[in-house]
Amino acid sequence: MPRRLAISLLHEAQIAATQPFIAAIGARGLPQVFSMLDAGDVVAEALKDARARFASKHCTLWAIYLHRPSLPSAPVVADFDVEPGLLRLTSSLATKGVLQLRAWRLAGGKVVENPLQMED
């Protein structure tokens, strides 16, 4: 994942503070753009709109970013009901108050962490 994108996602989490949000991440080769989704939207419908926006930029949907500061950082199986093959990214302050970006995948019916590699 490009370091710039990770920094942008973490910046959005800082701005939102305690306000939850969902974002879609698009990729053309490497992940590179994101589109904020209204947390009140039905995720499936909001993702249709994000796909259309990404298509105009020749991108595909790569991940869903969940910023839910009042919940544990790891997603639950139900978070994969829509688009279960996509990564779920979360932001967390769980490590000594340092904001972190983590990735998760659904594998064998269980949520497992998927290490992120940053590229410049």
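The values are calculated or read from the model by the stated rules, or taken from the named source; none is laboratory data. All values reported here derive from a predicted model rather than from experimental measurement. Don't worry about glycine lacking a Cβ; one is built from the backbone with ideal geometry, like all the others, and counts go over all protein chains shown.
Quick notes on this structure:
- In region 26-83, residue surrounded by the most Cβ atoms within 10 Å (Cβ to Cβ) [restricted to those that are of a type in the set (Phe, Trp, Tyr) and over 19 Å from GLN117 (Cα atoms)]: PHE54
- Hits in region 56-86 (condition: of a type in the set (D, E, K, R) and within 22 Å of ALA13 (Cβ to Cβ)): ARG68, ASP79, GLU83
- Figure legend. Inter-residue proximity from region 102-120: first residues among the aromatic types (Phe, Trp, Tyr), second residues crowded, with 17+ Cβ neighbours inside 10 Å and in a loop (DSSP other than H, G, I, E, B), beta-carbon distance below 8 Å, spacing 6+ or different chains. Indicated pairs: TRP104/PRO75.
- Remark: pairs (first residue in region 2-23, over 16 Å from ARG102 (Cβ atoms); second residue in a helix (DSSP H, G or I) and of a type in the set (D, E, K, R); Cβ separation under 8 Å; 6+ apart in sequence or on different chains) = PHE21/GLU12.
- Scanning region 91-120 for residues that are on the phi > 0 side of the Ramachandran plot and at pLDDT 90 or above gives GLY108, GLY109.
- Residue match in region 2-25 (condition: within 15 Å of the chain's Cα centre (by Cα) and basic (Lys, Arg)): yes
- When we screen PRO31, PRO75 for residues that are touching a strand residue (DSSP E or B) at 6+ places or on another chain (Cβ under 8 Å), at pLDDT 90 or above and not β-branched (Val, Ile, Thr), the only hit is PRO75.
- Given (1) among the charged types (D, E, K, R); (2) surrounded by fewer than 17 Cβ atoms within 10 Å (Cβ to Cβ); (3) in contact with a Pro (Cβ under 6 Å, 6 or more places away or on another chain), index of the condition ARG88 fails: (2)
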